[in-house]
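Chemist: Structure below; questions to follow.
The values are calculated or read from the model by the stated rules, or taken from the named source; none is laboratory data. All of these numbers come straight from a predicted model, not from anything done at the bench. As a convention, Cβ positions derive from the backbone with ideal geometry for all residues, glycine included, and neighbour counts pool all protein chains shown.
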Amino acid sequence: MRRTSLLSLLLRISYQAVVWAMLLGVGGGVRAQGVEFTTLEVARQDGALTLEYSSRLTLSRAVEDALQRGVPVYFSAQVVVLRSRWYWRDERVARITRNWRLSYQPLTATWRVSLGGLSQSFPTLAEALTPMSRVSGWRLVEAEKLEPGERYYIEFSFQLDNSQLPRPMQLDLGQDWKLGIERTLRVE
């Protein structure tokens, strides 16, 4: 009798340990998601203010599962160029947005990334995330719109655009669908 009660106690404890490990993300079932910048730079070149960034983009399991089931996912990068003013709110000089559409094509087993009217196919998800995670020479504003001697800065944001998802999916997305980052940089 003692042996069965001890066995049931050990089973109950091990079950609780597994449940707590899953909830806390200790096991291999939970992955971290997010955007981490490796470089983010603003420069004046070729008669314009340009932006260059490189990041590590990690999707949650829920987003990857939706992609595998044929749901396209949209990403948005937005840059606002502002001129500092001491007497009033800062003046917005320009607002530039790029939107990418990422989808999976099950018939050809390829990933497709679209930017405006251009699209490109990739064999793996990691390769498909590359055009969104690395941008160089993104022209923000022409140099003649920037007054010499004034101080400028940019507000940069990159996010998963949940407003583009199908309506039934927008009801209860949870933390798995929150992916984004914001940064502010001074223009030298």
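Chemist: Collect the residues in region 71-94 that are of a type in the set (A, V, I, L, M, F, W, C) and in contact (Cβ under 8 Å) with a residue 40 or more places away in the chain, keeping them in residue-number order. Steps first, please.
Modeler: Taking region 71-94 first, the residues of a type in the set (A, V, I, L, M, F, W, C) are 71, 73, 75, 77, 79-82, 86, 88, 93-94.
The answer is VAL71, VAL73, PHE75, ALA77, VAL79, VAL80, VAL81, LEU82, VAL93, ALA94.
Every residue, every condition in (1) exposed (fewer than 10 other Cβ atoms within 10 Å of the Cβ); (2) at pLDDT below 85; (3) not aliphatic (A, V, I, L, M), yes or no:
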position	(1), (2), (3)
MET22	no, yes, no
GLY34	no, yes, yes
THR38	no, yes, yes
THR50	no, no, yes
VAL63	no, no, no
PRO72	no, no, yes
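Chemist: What about SER76, is it under 17 Å from GLY180 (Cα atoms), crowded, with 16+ Cβ neighbours inside 10 Å, modelled with pLDDT under 90 and not aliphatic (A, V, I, L, M)?
Modeler: On the way: under 17 Å from GLY180 (Cα atoms): yes; crowded, with 16+ Cβ neighbours inside 10 Å: yes; modelled with pLDDT under 90: no; not aliphatic (A, V, I, L, M): yes.
No; evaluated as a whole, the condition is false for this residue.
Chemist: Sticking with this one: Hey, any hits in region 72-81 for a residue that's touching a helix residue (DSSP H, G or I) at 6+ places or on another chain (Cβ under 6 Å) and not in a strand (DSSP E or B)?
Modeler: No, the conditions are met nowhere in region 72-81.
Chemist: Right, another one. Considering only region 112-128, I want to know if a residue exists there that is more than 24 Å from SER54 (Cα to Cα) and surrounded by 11 or more Cβ atoms within 10 Å (Cβ to Cβ).
Modeler: Taking region 112-128 as the starting set, the residues that turn out to be more than 24 Å from SER54 (Cα to Cα) are none.
Scanning region 112-128, I find no residue that is more than 24 Å from SER54 (Cα to Cα) and surrounded by 11 or more Cβ atoms within 10 Å (Cβ to Cβ), so the answer is no.
Chemist: Something else: For region 128-147, give me the residue count where each residue is under 22 Å from the mean Cα position of the chain (by Cα) and among the aliphatic types (A, V, I, L, M).
Modeler: Kept after step one, since they are under 22 Å from the mean Cα position of the chain (by Cα), are these residues of region 128-147: 128-140.
Restricting the remaining residues to those that are among the aliphatic types (A, V, I, L, M) gives 128-129, 132, 135, 140.
Residues that pass the stated criteria total 5.
Chemist: Still on this structure, I have one more. Enumerate the pairs (first residue in region 147-161 and assigned by TED's automatic domain parsing to the domain that holds SER60; second residue anywhere and of a type in the set (Asp, Glu)) with beta-carbon separation below 9 Å, excluding pairs fewer than 6 apart on the same chain, so at least 6 apart or on different chains.
Modeler: TYR153/ASP90; GLU155/GLU182; PHE156/GLU182; SER157/GLU182; PHE158/GLU182; GLN159/GLU182
Chemist: Then there is this: Taking region 148-179 as the search range and keeping residues that are under 20 Å from the mean Cα position of the chain (by Cα) and among the charged types (D, E, K, R), which one is modelled with the highest pLDDT?
Modeler: Only one residue tops the list, namely GLU155.
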